[in-house]
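Following: one structure in structure tokens, then a few remarks.
The values are calculated or read from the model by the stated rules, or taken from the named source; none is laboratory data. Please read all numbers here as calculations on a predicted model, not as lab measurements. With ideal geometry, Cβ positions are generated from the backbone for all residues, glycine too; neighbour counts draw on all protein chains shown.
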């Protein structure tokens, strides 16, 4: 079971749905967060230093961990695998959908084209939880 997590605008209903579904299935919950390089780094004509990339990624990992911190106390039987990937949100969820049953995403204000792309390319059922 996989849940896409955007800690900048989390949809608590999606997290609740994912944790509850994982609990009922006695399944591990794969919490995936996509991130991108800061604009100044992405636009730079020079290669990005591995040290800088690692620092930015560590920051994203900590933010995801902070966003998920309250959930294990509510669902102590659910094992959570936190995953931070340098992809677009659609790429991250599609990649994580291999072998997942199902993928859970929250939808607050994502463009319909993004949702359509996600639904078209996912390799398993997708539960969309509206905020």
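Going residue by residue through segment 31-40, is there one that turns out to be under 14 Å from the mean Cα position of the chain (by Cα) and surrounded by fewer than 17 Cβ atoms within 10 Å (Cβ to Cβ)? So that I can check it myself, show each step before the final result.
Of segment 31-40, the ones under 14 Å from the mean Cα position of the chain (by Cα) are 31-36.
Narrowing further to those that are surrounded by fewer than 17 Cβ atoms within 10 Å (Cβ to Cβ): 36.
Looking for residues that are under 14 Å from the mean Cα position of the chain (by Cα) and surrounded by fewer than 17 Cβ atoms within 10 Å (Cβ to Cβ), one finds at least one in segment 31-40, hence yes.
Being free of Cβ contacts under 8 Å to residues at least 60 places away in the same chain and under 20 Å from residue 93 (Cα atoms) is the filter here; which residues of segment 28-57 pass it? Quick ask: steps written out before the conclusion?
Start the filter on segment 28-57 by keeping residues that are free of Cβ contacts under 8 Å to residues at least 60 places away in the same chain, which leaves 28-29, 31, 33-57.
Answer for segment 28-57, where residues must be free of Cβ contacts under 8 Å to residues at least 60 places away in the same chain and under 20 Å from residue 93 (Cα atoms): 28, 29, 31, 33, 34, 35, 36, 37, 57.
Could you tell me how many of the residues in segment 61-84 are exposed (fewer than 13 other Cβ atoms within 10 Å of the Cβ) and more than 13 Å from residue 2 (Cα to Cα)?
Final tally of qualifying residues: 8.
Can you name the condition, by its number, that residue 99 falls short on among (1) modelled with pLDDT under 85; (2) in contact with a strand residue (DSSP E or B) (Cβ under 6 Å, 6 or more places away or on another chain)?
It fails just one condition, (2).
If residue 106 satisfies every condition in (1) outside any strand (DSSP E or B); (2) surrounded by 11 or more Cβ atoms within 10 Å (Cβ to Cβ); (3) at pLDDT below 90 but one, which is the exception?
The one condition residue 106 does not meet is (1).
For segment 109-131, which positions are outside any helix (DSSP H, G or I), at pLDDT 75 or above and exposed (fewer than 13 other Cβ atoms within 10 Å of the Cβ)? Can you show your working first?
Of all residues in segment 109-131, those outside any helix (DSSP H, G or I) come to 109-111, 122-131.
Of the ones still in play, those that are also at pLDDT 75 or above are 122-130.
The answer is 125, 130.
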